[in-house]
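Colleague: Submitted below is the structure of interest, expressed as C-alpha cells.
What follows is calculated from the coordinates using simple rules that are stated; it is not laboratory data. None of the values given here were measured: they were computed from a predicted structure. Quick reminder, even Gly has a Cβ in these numbers, built from the backbone with ideal geometry, and neighbours come from all protein chains shown.
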Amino acid sequence: MKDIVLSGIRSTGNLHLGNYFGALRNFIKMQDENRCFFFIADLHSLTTHPKSENFHENVKTVLAEYLASGLDPDKSVIFVQSAVPEVSELYTLMNMWSYVGELERTSSFKEKVRKHPDNVNAGLLTYPVLMATDILIHRASKVPVGKDQEQHLEMTRVFARRFNNMYGVEFFPEPTAYNFGTELIKVPGLDGSGKMGKSEGNGIFLADDEKTIRKKVMRAVTDSGPAEPDAPMSEPVRNLFTILEIVSDDDVVRFYKAKYDSGEIRYGELKKQLADDICRITLPIRERIMDIRSNEKYLSETVKNGAEQARESASATLAGVKKIMGFKPFW
Ligand code: TYM
C-alpha cells in the first residue's frame, strides 16, 4: 500500500538551503512511489503579521521556488493551506483536545516568547495544533521535515492518540517525521552558530545569484586555524563541514577532513570548494525559479488543481471526525 506523505512550508520568505536539504529534497525523492501532499502554510505565516500587500506575493514566490526545486504537480498534490477551508474547521475541533499547558511547554513557542515578547498571540500558542491538523486531515503517515520540527511531530502523535483513545476508535494514524531512516537534519547557518533561517541573515537562498553565494560563503565565520591535534573542532568550522557533507561528494569531504586533521587546512580553499558545490546545486534551480515565477497561468492552475484534490481528501477526514464526535445533520 502507498504511504501518504505530507510536508509544508510557511510563506514567510525565500527558500534557503535548510528548507531544501532539511525537508524538500526528501519529499521530492518520495513523489514517485507515494501519495504525496505538499502545501504552503499561509495561515501559519500570519503569526508574524505580514503586510497585506505582500501576503499573496509571498505565497507565489514560495510556490515558484517549490516547483523549480522539483515538486511535480503531475505526481503530487500541491496546494495553499487557506484554499482548503476544511483545515480551519478541523483546527477548531482539534483545539478542544489540546491543552494549554502542553502548548506553553513547546520549545518553538518558548523561543518566540523570548525573541518577540511584544507579539505573543494565541495563533503562536496553537501553532502545533494547526500543524497537526495539516498532517492529520490527510491522514499522512510520513512527514519529511528538518530537525526543528521534530517536537511538532511528537505533539501530532499525541493529539492523534488522544482523539483515538477519547472516542475509542483507530481513526488517525500516528505520523512520523521522516528522513529515509536516518536522523533528521539541521542545516547550520554561516554565522558560526545555530540553524540556517529565513530571517537570521545567515542563509543561502535558492534564488541567490552566483556572486551573492560566493560572497556569503567567503564571509562565513571560521576560527583562527586548526587547534591542537585531537582538540575538538570549533562550532563555526564544524558547521562548515556539516554543510560540506550535505552538498559535496564523500571524497571531497574526506580530503578536507584529512587536511584539517593534519593542520594544513586553509579555510579559504575549503570555502571556495563549498561555494562551488553549492552553486552547482542551486544555480540551475535559480534559473527555473525565474521562468516559473513569471508563468502566472502555470502557478494558478497548479494550486487550483491541488486545492480540489486536497479538499476531497480533507473533507472525507473531517466528515469522519464529525461523525465520531457526534455531529448529526438536521437536514
Ligand atoms: P518552515 O517554513 O520553518 O520550514 C520548512 C521546512 O524546512 C525545514 N527547515 C530546516 N531543516 C533543516 N535545517 C534548517 N536550518 C531548516 N530550516 C527549516 C523545516 O524543518 C521544515 O520542514 N511549521 C512548519 C510548516 C508546516 C508544516 C506543516 C510542515 C506547517 N504545517 C505540516 C510539515 C507538515 C514550518 O514552520 O516550517
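Colleague: Counting only DSSP beta bridges with both residues in the chain, tell me the antiparallel percent, nearest 5.
Modeller: For the chain, the DSSP antiparallel bridge percentage is about 10.
Colleague: How large is ³J(HN,Hα) for each residue in segment 50-59, as worked out from phi by the Karplus curve 6.51 cos²θ - 1.76 cosθ + 1.60 (θ = phi - 60°), to whole Hz, x for Gly and Pro?
Modeller: Along segment 50-59, the couplings run x, 5, 4, 6, 9, 3, 5, 4, 4, 4 Hz.
Colleague: When the chain is fully extended, how far beyond the present Cα-Cα distance does S108 get from E228, taking 0.36 nm per residue of separation?
Modeller: Full-extension gain reported as 39.5 nm.
Colleague: If you only keep lysine pairs separated by 8 or more in sequence, or across chains, how many in segment 210-290 come under 21 Å at the Cα atoms?
Modeller: Lysine pair count for segment 210-290: 10.
Colleague: Right, another one. Sort 105-118, 269-282 by packing, meaning the average of other beta carbons within 10 Å per residue, with the highest value first.
Modeller: Final packing ranking: 269-282, 105-118.
Colleague: What do you get for Rg/Rh over segment 118-167 if you use C-alpha atoms and the Kirkwood form of Rh?
Modeller: With Rg and the Kirkwood Rh in hand, the quotient comes to 1.01.
Colleague: What Rg and what Dmax come out for segment 125-276 when only alpha-carbon atoms are used, in angstroms?
Modeller: In Å, with Rg to one decimal and Dmax whole: 20.3, 64.
Colleague: Still on this structure, I have one more. Sorted from fewest to most neighbouring beta carbons within 10 Å, what does the list D32, D251, D208, D72 look like?
Modeller: Ranked by crowding around the Cβ, least crowded first: D251, D32, D72, D208.
Colleague: So what is the 222 nm mean residue ellipticity for the chain from helices alone, if each DSSP H run of at least 4 adds -39500 (n - 2.57) and you divide by all residues, rounding to the nearest 500 deg cm²/dmol?
Modeller: -16500 deg cm²/dmol
Colleague: Order of L6, L103, L206 from fewest to most other C-beta atoms within 10 Å?
Modeller: The fewest-first ordering by Cβ neighbours comes to L103, L206, L6.
Colleague: Next up: Viscosity 0.890 mPa s, temperature 25 °C: Stokes-Einstein D of segment 189-331 from its Kirkwood Cα radius, in µm² per second?
Modeller: It diffuses with D of about 130 µm²/s by this estimate.
Colleague: Along each of the three principal axes of the Cα atoms of segment 210-290, give the extent in whole Å, ordering the values from largest to smallest.
Modeller: 47, 24, 17
Colleague: Continuing with the same structure: Quick check of the Kirkwood formula: for segment 81-163, what is the inverse mean of 1/r over all pairs of different Cα atoms, in Å?
Modeller: 13.3 Å
Colleague: Take the Cα coordinates of the chain, assign each an equal point scatterer, and use the Debye formula without solvent to give log10 I(q)/I(0) at q = 0.08 Å⁻¹.
Modeller: Taking Cα atoms of the chain as identical point scatterers yields -0.41.
Colleague: Given points 7 Å out from each Cα along the Cα-Cβ axis, report the A122 to D3 separation in nanometres with one decimal.
Modeller: Inter-label distance under the simple model: 3.6 nm.
Colleague: Also, quick follow-up: Relative contact order for the chain using alpha-carbon pairs under 8 Å, separation at least 6, rounded to a whole percent?
Modeller: Worked out over the chain, it gives 24 percent.
Colleague: For K75, go through the lysines and keep the ones whose alpha-carbon is under 23 Å away, minus same-chain ones fewer than eight residues off.
Modeller: Candidates past the 8-residue exclusion: K2, K29, K60, K142, K297, K304.
Colleague: Same structure, new question: If each residue's Cβ is checked for other Cβ atoms within 10 Å, how do S224, S141, S193 rank with the fewest at the top?
Modeller: S224, S193, S141
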